[in-house]
Amino acid sequence: MALAFFDLDRTLLSENSGSLWVRREVRSGHLNRWQAFLASGALLRYHLGGTSIESVLLAALEGLAGTSALELRKRTETFYAQEVRHLVRPGARVAIEAHRAAGDTLVLLTTSSGDLADLIAADLRLDAVLCNRLEAEGDRHTGRPQGELCYGAGKVRYAQTLAEGLGGSLRDASFYSDSYSDLPMLEAVGRPVVVHPDPRLKREALRRGWPIELWGR
């Protein structure tokens, strides 16, 4: 049995859902402009190499401490229906159906939250979701993730655990991603494919002879 893993933002989707979410939260009053400025600044420092995305993610989770899990889920459902569902790339649907026809297990592997990841996985009829899930006590977020962050080398560990549980191997798997941060996972699978890559990943893909695909908007 082969596995096909798909990244979400700028791979299956033509946009970054996190950026769209921050702008929507500001418009709706759930984030003030100062909070949005801090979030944008943290992301900028990450892109410039001044901080790790892990620290950005953990800070974002801490900001959710005490908030309602049910309310956030409902806001995410509305956000997905209005701003995300239509962003699936045409080529993503083609690739998914090709793997489905081959009998492969289809897995969404993303740093996004479970609330959003579960929605798109259900829409695209994927078989499994590996993502960041938020710890809650009752209906209230604790501000902590459930387990290890699904990012970088963490993605590889989540994927390896799933593969072993299914009796498969990452050496028989495909992984599609746009981001250099996914290099550990791209190196771990037998068939790495880069999709609309960022500049660093494009250089790496050309150096290694990895296929580069454009899936449209």
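In the neighborhood of Thr67, defined by Cβ-to-Cβ distances under 14 Å, what is the net charge if each Lys or Arg adds +1 and each Asp or Glu adds -1?
Values: positive: Arg73, Lys74, Arg75, Arg140, Arg144; negative: Glu25, Glu62, Glu71, Asp115, Glu135, Glu137, Asp139.
Combined, the nearby Lys, Arg, Asp and Glu give -2.
Net charge around Tyr80, counting only other residues with Cβ within less than 10 Å of its Cβ (Lys, Arg = +1; Asp, Glu = -1)?
-3
Indicate, rounded to the nearest 5 percent, the antiparallel portion of the DSSP beta bridges found entirely in the chain.
DSSP beta bridges in the chain are roughly 25 percent antiparallel.
With point charges of +1 on the Cβ of Lys and Arg and -1 on the Cβ of Asp and Glu, referenced to the Cα centre of the chain, which listed residue (Pro145, Ile96, Gly216) lies farthest in the positive direction of the dipole?
Value: Gly216.
Within a Cβ distance under 10 Å of Gln146, other residues only, what is the Lys/Arg minus Asp/Glu net charge? Numbers along the way, then the final one.
Numbers: positive: Arg133, Arg144; negative: Glu135, Glu148.
Net charge around Gln146: 0.
Using a Gaussian network model of the chain with C-alpha springs under 10 Å, which one of Leu13, Leu58, Leu134 is most mobile by mean-square fluctuation?
Maximum fluctuation in the GNM of the chain, among the listed residues, is at Leu58.
Nearest 0.05, what FRET efficiency do Arg133 and Glu15 give at R0 = 22 Å with Cβ-Cβ as r?
Result of the calculation: an efficiency of 0.45.
Measuring from the lowest to the highest alpha carbon on each principal axis, how far does the range 151-217 reach, largest first, in angstroms?
Principal-axis extents of the Cα atoms in the range 151-217, largest first: 34, 26, 18 Å.
Pairs of alpha-carbon atoms within less than 8 angstrom and 6+ residues apart define the contacts here; what relative contact order does the chain have, in percent?
26
Could you list Tyr180, Tyr158 in order of exposure, starting from the residue whose Cβ has the fewest other Cβ atoms within 10 Å? Can you show the working numbers first?
Numbers: Tyr180 17, Tyr158 22.
Least crowded to most crowded, the residues run Tyr180, Tyr158.
For Kirkwood radius over Cα pairs in Å, several values are listed as (i) 19.6; (ii) 17.3; (iii) 17.9; flag the one computed from this structure.
(iii)
Please rank Lys202, Lys74, fewest neighbouring Cβ atoms within 10 Å first, as an exposure proxy.
Fewest-to-most ranking of Lys202, Lys74: Lys74, Lys202.
Laboratory data are not the source of any read-out in this text; all were calculated from the coordinates shown. What you are looking at is a predicted structure, and each value in this text was computed from that prediction instead of being measured. FYI the Cβ positions are ideal-geometry reconstructions off the backbone, even for glycines, and counts take in every protein chain you see.
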